[in-house]
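> Attaching a single structure in structure tokens format; questions to follow.
None of the figures in this text is laboratory data; all of them are computed from the coordinates on show. Just so we're clear, the structure is a prediction, and the values are computed from it rather than from any experiment. Cβ coordinates were reconstructed from backbone atoms using ideal geometry, including for glycine residues, and neighbour counts include every protein chain displayed.
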Amino acid sequence: MTHTMPKVFGFLLVVLGLYLWIGYAITDLSGGEKKSSGAVDISPEGGEAIYWGRGRCFTCHSVGGQGSAVRGPNHGQFGEKFPLPMGARAVERAKVRAEKLGKPFTAVDYMVESLATPGAYVVEGYKNEMAVVYAPPISLSLKEIKAVIAYLMAQGGDLDMEAIDTKPGEVTAQFYAKISAAAEAGGGDPGKGAVVYEENCTDCHVLNGEGGETGPELTGIAGKGLKFISAAVLQPAKAITKGFETHVVVDKNGRQTVGLKSSDEAAEIVITKANGDEVTIAKADIKTITIDKNKSVMPDDLSEAMTVKDYQDLLSFLMLQKGAKKGGEEKK
Ligand code: HEC
Ligand code: HEC
């Protein structure tokens with residue numbers, strides 16, 4: 001049923017999340033109401049508020065009879081399918097993980113793993129489509145994640161706040177380190193993001209010396225920040241990079257050519273189309289040449305071909321691109 005939810009809907013969520021998030025960032029900048037994660041109460045109550053609020057867990061999960069989402073497992077005790085509430089279930093799952101990995105694994109380790117690396121253990125009967133909750137658009141902080149874990153451990157389990165917060169064991173501490181590092185880099189999995197990049201972007205952009213030259217070089221793009229990058233991908237036309245304006249050339253025969261002006265000589269210009277084709281047009285043949293500010297040569301539907309997870313992975317990959325451009329034409 002909800003499994004067939006089109007990717008487009010997921011994207012709507014991303015876009016909505018993006019606006020909310022930009023909203024928060026602006027509130028932050030203007031010194032308005034602080035949405036600081038410092039205010040998070042690392043307790044079952046604090047986690048409950050996040051679970052049913054900005055963590056958006058409730059969009060896929062229910063807790064017993066509370067909520068109606070079924071895309072992910074119920075976190076309470078519910079019918080024959082869920083004989084154990086999440087806290088107690090985590091103990092059982094941890095045993096399975098310990099056996100598989102050949103090392104000690106606690107219930108808290110399992111719980112943290114299910115948020116840090118959702119794909120590590122996919123609950124039978126479900127798809128590997130649990131959200132990466134520390135990446136956009138949900139972007140929970142580590143504190144918020146700890147709070148949510150406290151809430152879920154309190155569902156029929158032993159609530160050990162030390163293991164969750166102040167004195168995490170080795171496995172949990174490693175997951176926490178991963179979450180912190182990934183959250184800083186925009187969340188997502190940069191390794192998978194490299195594949196997404198390869199499939200969707202490399203034809204038009206040079207990155208670390210490789211790729212097509214239609215669009216601007218992306219080496220060092222991390223310096224422009226997560227907000228800039230995500231906006232550039234979701235709505236390319238909103239802020240067209242200087243020097244990459246979309247030119248619309250109509251020649252005397254009425255033939256229209258749309259693309260970037262990649263060369264402008266005395267007698268002719270060259271227009272590079274989105275597919276990379278170069279069209280040389282004699283200046284004497286041009287009837288009109290205009291710039292279309294509402295359309296980028298970069299397609300604005302790239303995100304539609306991706307899942308939310310692909311997009312998160314892509315962003316985190318791009319946030320790691322901190323290298324310097326060759327040639328050094330850009331002075332800081
Ligand atoms: C986009 C839908 C989605 C969202 C949003 C989501 N989850 Fe999940 N979650 C799933 C799916 C699907 C699974 C089962 C597949 C798997 O194990 O990865 C799952 C599995 C889990 C599990 C393991 C359950 C078990 O029985 O072992 C936990 C714990 C969990 N999610 C917690 C959360 C929390 C906490 C949030 C909010 C911060 C959240 N999820 C948000 C879809 C989602
Ligand atoms: C058909 C060619 C094409 C493809 C495919 C393409 N881009 Fe672009 N991209 C461009 C062009 C042209 C521009 C400059 C115009 C603009 O800003 O919209 C651009 C601009 C950008 C910018 C802004 C760069 C800056 O410094 O201002 C980013 C970031 C970007 N693209 C990322 C991506 C990513 C990520 C993908 C893959 C998901 C991608 N592009 C796919 C052509 C493309």
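> At a threshold of 8 angstrom on Cα-Cα distance, excluding pairs fewer than six apart, so keeping six or more, what relative contact order does the range 36-184 reach in percent?
31
> Ok, one more. Run the quick spin-label model on Ser263 and Ile291: label points 7 Å from Cα toward the beta carbon, then report their separation in nm to one decimal.
Once both label points are built, they end up 2.2 nm from each other.
> Work out how far the C-alpha atoms of the range 156-242 reach from end to end along every principal axis, then list the three figures in whole Å, largest first.
Reported extents, whole Å, longest axis first: 56, 26, 24.
> So what does the Cα-only Debye profile of the chain read at q = 0.13 Å⁻¹, as log10 I(q)/I(0), no solvent term?
Here log10 of I(q) over I(0) equals -1.01.
> Find the Cα radius of gyration of the range 182-289, compare it with 2.2 N^0.38 Å by division, and give the number to two decimals.
That ratio works out to 1.30.
> Residues with amide H under 5 Å of Ser262's amide H, sequence separation 5 or more or different chain, H placed in the peptide plane at 1.01 Å from N; which?
Hits under the 5 Å cutoff: Val270, Ile271, Thr272.
> Could you derive backbone 3J(HN,Hα) for the range 274-283 from the dihedral phi with the Karplus parameters 6.51, -1.76 and 1.60 (θ = phi - 60°), listing whole Hz in sequence and x where the residue is Gly or Pro?
Using θ = phi - 60°, the values come out as 4, 7, x, 5, 9, 10, 9, 10, 5, 4 Hz.
> What do you get when you divide the Cα radius of gyration of the range 246-296 by 2.2 N^0.38 Å, with N the number of residues?
1.03
> Loop-only GluC sites (Glu not before Pro) in the range 77-185, please: DSSP not H, G, I, E or B, and at most 10 other Cβ atoms within 10 Å. Each step should come with its number before you reach the end.
Details: sites: Glu80, Glu92, Glu99, Glu113, Glu124, Glu129, Glu144, Glu162, Glu170, Glu184; in loops: Glu80, Glu124, Glu129.
Here the sparse-neighbourhood loop sites are Glu80, Glu124.
> May I pose another question? Relative contact order of the chain: what whole-number percent is it, with Cα pairs under 8 angstrom and at least 6 residues apart?
Contact order relative to length: 18 percent.
> Could you work out the helix-only [θ] at 222 nm for the chain, with each DSSP H run of four or more residues adding -39,500 (n - 2.57) and the total divided by the number of residues, to the nearest 500 deg cm²/dmol?
Result for the chain, helices only: -11000 deg cm²/dmol.
> Same structure again: Using the Kyte-Doolittle scale, which helices in the chain average at least 0.0 and also have C-alpha atoms spread 24 Å or more along the helix axis, with helices defined as whole DSSP H runs? If you can, show how the numbers build up before the last one.
Working: long enough: 7-29 (32 Å, 1.70).
Span-like helices here: 7-29.
> Towards the positive end of the charge dipole of the range 163-213, with charges on Cβ (+1 Lys, Arg; -1 Asp, Glu), say which of Thr172, Ala182, Leu207 has the farthest Cα.
Thr172
> Can you list the trypsin sites (Lys or Arg not before Pro) in the range 98-203 that are in a DSSP coil and have 13 or fewer other beta carbons within 10 angstrom?
Those that pass, being in a loop and sparsely packed, are Lys127.
> Can you compute the equivalent ellipsoid semi-axes for the range 36-184, i.e. the square root of 5 times each eigenvalue of the Cα gyration tensor, sorted largest first and rounded to whole Å?
On the way: eigenvalues 81, 71, 46 Å².
With the √(5λ) rule applied to the range 36-184, the semi-axes are 20, 19, 15 Å.
> Would you mind checking which residues have amide H under 5 Å from Val63's amide H? H placed 1.01 Å from N; only 5 or more apart, or other chain.
His75
> What is the calculated FRET efficiency for Glu170 to Asn253, with r their C-beta to C-beta distance and R₀ = 45 Å, to the nearest 0.05? It would help to have the intermediate numbers written out before the result.
Numbers: r = 72 Å, r/R0 = 1.61.
Efficiency computed from Cβ-Cβ geometry: 0.05.
> Right, another one. Nearest 0.05, what FRET efficiency do Lys81 and Lys283 give at R0 = 45 Å with Cβ-Cβ as r?
Numbers: r = 71 Å, r/R0 = 1.59.
So, using R0 = 45 Å, E works out to roughly 0.05.
> While we're looking at this one, here's another question. Taking the Cα centre of the range 137-282 as the origin, how large is its charge dipole in debye, to the nearest 20, when only Lys and Arg (+1) and Asp and Glu (-1) carry charge on their Cβ atoms?
It works out to roughly 500 debye.
> Would you work out if the range 284-327 is rounded, prolate or oblate? Take a ≥ b ≥ c from the square roots of the eigenvalues of the alpha-carbon gyration tensor; rounded if a/c is under 1.5, else prolate when a/b is larger than b/c, oblate otherwise.
Oblate is the answer for the range 284-327, as a/c is 1.5 or above yet b/c matches or exceeds a/b.
> Seen from all sides and averaged, what is the projected area of the convex hull of the Cα atoms in the range 235-332, in nm²?
8.7
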